[in-house]
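A short write-up of the structure that comes next.
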Amino acid sequence: MAKKSPWHSVKAPVYHDDTNCNTGNNIERENLRSGTGGKAKCSECKRLG
Ligand SMILES: [Zn+2]
């Protein structure tokens, strides 16, 4: 239920898909992109999901 479509930061090697992820929520707007970016899933999102 906290799931949404994936997003990622151009500065990080991982993507996020959980709205409760602190790291995912702290991405600066200018670095934010939608999609996985072909990256691995963030460990916090993995734990939350
Ligand atoms: Zn995350």
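Summary of values
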| item | result |
| --- | --- |
| Net dipole in debye of the chain [+1 Lys, Arg Cβ; -1 Asp, Glu Cβ; about Cα centre; nearest 20] | 140 |
| Listed peptides 17-25, 30-38 by packing density, highest first (mean Cβ within 10 Å) | 17-25, 30-38 |
| Amide proton proximity set for K41, modelled H, under 5 Å, gap of 5+ | Y15 |
| Relative frequency of Cα-Cα separations exceeding 15 Å in the chain, percent | 30 |
| Antiparallel content of DSSP bridges confined to the chain, in %, to 5 | 75 |
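Any read-out appearing in this document is the output of simple, stated calculations on the displayed coordinates, not a laboratory observation. As the structure is a prediction and not an experimental result, all values here were calculated from the model. A quick note on method: Cβ atoms are made from the backbone with ideal geometry, for glycine too, and the neighbour counts reach across all protein chains shown.
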